[in-house]
Amino acid sequence: MRLLVTGGAGYIGSHFVSAARRRGLEDITVVDDLSTGLRRRVPAEVPLHEIDLSRDSSVPELTALLRDRGIDVVVHFAAKKVVGDSVVQPEEYFRANIGSTVNLLTAMRAADVDSMVFSSSAAVYGEPEATVVYEDTPTAPINPYGQSKLVSELSLENAARAWGLRAVALRYFNVAGAESAQLADTTTTNLMPAIRDVITRGDRLSVFGSDYDTVDGTCVRDYVHVVDLAEAHLAALPAVTRDAPARTLAYNVGTGQGSSVLEIVEAFRSYPGITLDYDLCPRRPGDPGALTADVSRIAEDLGWTSRHSREDIVASVVDFAPLAD
Ligand code: WQD
């Protein structure tokens, strides 16, 4: 099977490339604009093409690449992912995330490549009523990032109807951890990288909100190890290959277990040698109190379940602080 991986120089995309190679899938091509991706995350043996998918001018080059490499499946990670930035720069997020998906689909149709696994997000659900989220929970994104992921999913559905695309959209809950310092997440906006950054700097963590209707008043999320997430994409490949019907299916990717911010803090504090102090601060706008995935559908259909525990995730965050760029 020949794979094209967009965003393969990114935190999650590079973990997928690593998992695919471990699984014996050697014929991999990476496309990345290196705006946030790092060349050092891509193994030397894997061809890396520096292409900005959000530019319409990338379509001819992408079409030729898909044809020349005889690509069977596209795994599409390339996107901007910082929710706060998307609120400030909505046009940039729509151009980057929706534009890249539309350009990619245009090139795939021209090159007769009709299989995709897509990196979507729990952000498509917005602030659901219930704390446990199912795939048929109404999608009502509350920020441009979540909207861009939902519109991208709709683009896949349109392509399935119009020209037979077979796609799986994986709706990530809270991804964290790393398999190595080389591949670790270099951003510091999400909770776990923020904690790692605070520990490194000997600073204090700001806990956003302590008056939610949860076990201890702080927000509950479903944290999934990035290696498990990468393997979920491998589990999705058979669902988009030649003998599968043309359609788009969405699956939640999480553990099914929720952890509050203070439970995560305690998990870090339990790690030998770690000291972590925090301040209880006002809520962060747009944060739902609790979000946990129901992950029964992906287990039934694709045979995937998460394997790593919360403690495994925390240990990997502490053990594998990202290399300095
Ligand atoms: C988690 C909790 C914060 C930092 C993320 C991505 C989104 C999607 C889902 C991929 C919240 C609290 C955080 C800090 C804190 N993933 N927090 N202090 O908002 O659930 O969404 O995962 O598509 O793109 O953004 O994740 O890690 O930002 O926040 O108290 O310094 O940690 O308030 O309750 P979030 P997060």
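The values are calculated or read from the model by the stated rules, or taken from the named source; none is laboratory data. Keep in mind it's a predicted model, so treat the numbers as computed, not measured. All Cβ positions, glycine included, derive from the backbone under ideal geometry; neighbour counts span all protein chains shown. Just the protein is used for accessible areas: all its heavy atoms, side chains included, with ligands, DNA and RNA removed. Shrake-Rupley method; radii C 1.70, N 1.55, O 1.52, S 1.80 Å.
Contour minus end-to-end for residue 189 and residue 131, with contour as 0.36 nm per residue of separation and end-to-end as the Cα-Cα distance?
Value of the extension gain: 18.6 nm.
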Based on the alpha carbons, how large is the Rg to Rh ratio for the range 101-237 when Rh follows Kirkwood? 1.03
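Assuming a viscosity of 1.306 mPa s and a temperature of 10 °C, what translational diffusion coefficient in µm² per second does Stokes-Einstein assign to the chain, Rh being the Kirkwood radius over Cα pairs? Walk me through the numbers on the way to the answer.
Numbers: Rh = 20.0 Å.
The estimated diffusion coefficient comes to 80 µm²/s.
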5 Å is the cut-off here: which amide hydrogens, built 1.01 Å from N in the peptide plane, fall below it relative to residue 78, excluding neighbours closer than 5 in sequence? 6, 7
Between the helical axis of 191-201 and the dominant principal axis of the chain, each derived from Cα atoms, what acute angle in degrees is found, rounded to the nearest 10? 60 degrees
Longest principal axis of the chain (C-alpha) makes with the long axis of helix 226-236 (C-alpha) an angle, in degrees to the nearest 10, of 30 degrees
Whose amide H sits under 5 Å from the amide H of residue 256, counting only residues 5 or more places off or on another chain, with H placed in the peptide plane? 293
Order 101-107, 219-225 from most to least packed using the mean count of other Cβ atoms within 10 Å. 219-225, 101-107
Two-site FRET efficiency, residue 216 against residue 61, from Cβ-Cβ distance with R₀ of 56 Å, rounded to 0.05: 0.60
Calculated from DSSP helices alone, with each H run of at least 4 adding -39500 (n - 2.57) and the total divided by the residues of the chain, [θ]222 nm to the nearest 500 comes to -10500 deg cm²/dmol
Quick check: pseudo-label points 7 Å beyond the Cα along Cα→Cβ at residue 307 and residue 39, how many nm apart are they? 3.3 nm
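For the range 245-322, which whole-number percentage of the solvent-accessible area (1.4 Å probe, protein heavy atoms only) is attributable to carbon and sulfur atoms?
Numbers: 1860 of 3830 Å².
Here carbon and sulfur together make up 48 percent of the probe-accessible area.
Kindly report the accessible area of the chain per residue (heavy atoms of protein chains, probe 1.4 Å, no ligands, DNA or RNA), in Å².
Working: 13740 Å² over 325 residues.
Per-residue accessible area for the chain comes out at 42 Å².
From the Cα trace of the range 188-315, what convex hull volume per residue do you get, rounded to a whole Å³? Please report the intermediate quantities before stating the final value.
Details: hull volume 16.0 nm³, N = 128.
Dividing the Cα hull volume of the range 188-315 by its residues yields 125 Å³.
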Could you give each residue of the range 282-297 its phi-based ³J(HN,Hα) in whole Hz, using Karplus coefficients 6.51, -1.76, 1.60 with θ = phi - 60°, and x for Gly or Pro? x, 4, 8, x, x, 7, x, x, 9, 9, 10, 7, 8, 10, 6, 5
Would you look at the GNM of the chain, springs on alpha carbons closer than 10 Å, and say which of 79, 194, 162 moves the most? 162
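Applying a 10 Å radius around every beta-carbon, put 127-136, 13-22, 284-293 in order of their mean neighbour count, most first. Spell out each step's value before the answer.
Numbers: 127-136: 14.3, 13-22: 23.2, 284-293: 18.4.
With the highest mean Cβ count within 10 Å placed first, the list reads 13-22, 284-293, 127-136.
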1/(1 + (r/R0)^6) with r = Cβ-Cβ of residue 200 and residue 158, R0 = 56 Å, i.e. FRET efficiency to nearest 0.05, evaluates to 0.80
